[in-house]
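Contents: one structure, followed by commentary.
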Amino acid sequence: MKPAESDLRVAPAVWLTILTVVGAALRMLHLGRWSLEGDEIFTLRDSIVPPRLSDARPLIYFLNYHLIRPWTQLDELSLRVLPAIFGILAIPAAYFVVRRILGTRAGLFAAMLVTFSALHVYHSQSARYWSLVFLLSLIFPVAFYVGIREQNRRWLGFAAITALLAILAHPVAGLLFGGLLAWTALPHFRRDRMRQAWTQPSVRWVALALCTVTLALILMFWPVLREWITVPHEARHRGAALILSYVDGLTVGLVLIGTLGILWLWQAGERSLAFLLACLVVVPTLFCVALSYVTAVSTAYLLPTAPVFFIGAAAFLDRLVAQEGALRPKGLVAGAVAGMLVLANVPVLISHYLDGSRGDFRSAARYVQAHWATGDVIYSDQYPVLQHYLPGVQVFGMTRDPANLERALREARQERPEATLWTVALVAPRGGFRTHSLPRLSSWLFANCRLAAAYGVPRLDFRQNEIQVYRCPLEANSWADLPSSNSR
């Protein structure tokens, strides 16, 4: 049963405004302070040229090219403006979407959880498309559910538009169609029920639309998927490890309470909604887990399922408040649970604002540029990023074989005897998609090179984002001439 707005002592609009302002502050703080890192450099590359629909993720590039580029130079700040805006919009969107299906109080709980989510803040401050994927993946499945439940064509049309935009933001949003298809088909899997359902025109139109969209997605993205599978990748998490890495990002508390919220909805009689939320998680997760044994799968590919846990947790907290009739003040236990969910993000949020949850390639590039000489050889595990901050200097991708480094250095010394070799690598021990080549070279580096500079800060969580710069002369008598820099 949905709570009345009179149950709230403060008007919902006031709470929503406060949450949106706080969320905007969290997502705008230090937005352009940190250097580009990882895949952010590819957003820059693909946003300075006219976008094409043949790109796998054209929407954010289209928006950057037409909305940001005409007004300002694309840099660390401007590339993160739209992701931050989409992250801020997700807060009121969570409220209105959840209010539509669960009530006002649940909508406020959902908005609160999104506001303080460290994972969502990170993606809102990353020059990629994931905050947009989250926003659209939050909206279109619920719009589809409301349209089907109420036989409302406007909601179905709205769902179709937002679903198309979600797929243009990133193809993994299309995995939610598998969940929608399972939710639509499985309750009618018995032959007599299928025949009865098929007599309804709305069911036939929905089935036709889902089949058409599925076929279009396969034809559109099959070349990209085939290349993704066939291109060799470094080892990534597989199976259960992939799921645990994803759960760690969302926090165990949110996943647990969200799952309990879905079960509570089922027991309370809202089985259609509970079954939908379960399908939206289970189907994409099973697909990604199976695919992880074939090719590299990022934990971010599961992000379209994240809104389900926010919705489930909001449902749990809402119903927990309703059950606390004998407690004074009312909502004491629900407030404690909500507080624990929020506080679980605090160490990660504080750590995020210390280093941006990324390596400082900009500072490393400045150090190399200050001490580099013509003829030196530079390698990096993120060579496109370092190349961006070292214009006019060729940077090579990090090799996995130390013999290749020795060969490159000796060839450079044939032209300049004083030539040295630089390696710039991100040391970021953590679960998930990000890896680097330094561990394979560590023995050789420690024997032949010197750590010339390190850029990183201590964090409150277990993560680490340190850029290490090694200089490799390969001569014992050359160590005294090497400059050094302390970690910051």
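Here are some notes:
- Condition met for Leu181 (within 15 Å of Thr212 (Cβ to Cβ) and under 27 Å from the mean Cα position of the chain (by Cα)): yes
- When the range 47-82 is filtered for residues that are outside any helix (DSSP H, G or I) and surrounded by 12 or more Cβ atoms within 10 Å (Cβ to Cβ), the ones remaining, listed by number, are Ile48, Pro51, Asp55, Ala56, Arg57, Arg69, Leu74, Asp75, Glu76, Leu77.
- Applying the set (1) modelled with pLDDT of 90 or more; (2) in contact with an Asp or Glu (Cβ under 8 Å, 6 or more places away or on another chain) to Val427 leaves exactly one unmet item: (1).
- Selection status of Phe462, assigned to a loop (DSSP other than H, G, I, E, B), of a type in the set (A, V, I, L, M, F, W, C) and at pLDDT below 65: no
- Put simply, of Ile101, Ile161 the only residue that is surrounded by fewer than 24 Cβ atoms within 10 Å (Cβ to Cβ) and either touching a residue at least 40 places away in the same chain (Cβ under 8 Å) or not in a helix (DSSP H, G or I) (or both) is Ile101.
- One residue from Ala93, Ala110, Ala25 being free of Cβ contacts under 8 Å to residues at least 12 places away in the same chain and within 25 Å of Ala306 (Cα to Cα): Ala25
- Residues that are aliphatic (A, V, I, L, M) and surrounded by fewer than 19 Cβ atoms within 10 Å (Cβ to Cβ), drawn from the range 262-295: Leu263, Ala268, Val282, Leu286, Val289, Ala290, Leu291, Val294
- Answer from Arg149, Arg80, Arg154, Arg99 - the residue that is more than 27 Å from Gly253 (Cα to Cα), of a type outside the set (A, V, I, L, M, F, W, C), at pLDDT 95 or above and in the same structural domain as Pro307 (by TED's automatic domain parsing): Arg80
- Pro329 vs. criteria assigned to a loop (DSSP other than H, G, I, E, B) and not acidic (Asp, Glu): yes
Residues are listed down the side, and each one gets a yes or a no for (1) assigned by TED's automatic domain parsing to the domain that holds Gly103; (2) more than 29 Å from Leu460 (Cα to Cα); (3) of a type in the set (A, V, I, L, M, F, W, C):
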residue	(1), (2), (3)
Leu317	yes, no, yes
Ala338	yes, no, yes
Tyr367	no, no, no
Gly375	no, yes, no
Pro384	no, yes, no
Arg400	no, yes, no
Leu409	no, yes, yes
Glu415	no, yes, no
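- Residue tally, condition more than 25 Å from the chain's Cα centre (by Cα) and in a helix (DSSP H, G or I), over the range 365-410: 16
- Residue pairs whose Cβ atoms lie under 6 Å apart, separated by 6 or more positions or on different chains, with the first residue in the range 342-361 and polar (S, T, N, Q) and the second part of a helix (DSSP H, G or I), are Asn345/Ala118; Ser357/Tyr122.
- Here is the figure for the range 347-358: residues that are under 16 Å from Leu77 (Cα atoms), out of contact with any helix residue (DSSP H, G or I) (no Cβ under 7 Å at 6 or more places or on another chain) and either in a loop (DSSP other than H, G, I, E, B) or not aromatic (Phe, Trp, Tyr) (or both) total 3.
- Looking only at the range 61-89, and only at residues there that are in contact with a helix residue (DSSP H, G or I) (Cβ under 6 Å, 6 or more places away or on another chain) and β-branched (Val, Ile, Thr), the one that is nearest to Leu113 (Cα to Cα): Ile88
- Sole residue being on the phi > 0 side of the Ramachandran plot and of a type outside the set (Ser, Thr, Tyr), chosen from Gly339, Gly335, Gly375, Gly359: Gly375
- Some residue of the range 21-39 being touching a Pro at 6+ places or on another chain (Cβ under 8 Å), part of a loop (DSSP other than H, G, I, E, B) and surrounded by 14 or more Cβ atoms within 10 Å (Cβ to Cβ): no
The values are calculated or read from the model by the stated rules, or taken from the named source; none is laboratory data. Note that the structure is predicted; figures quoted are calculated from it, not measured. Ideal geometry is used to build each Cβ from the backbone, glycine not excepted, and the neighbour counts take in all protein chains shown.
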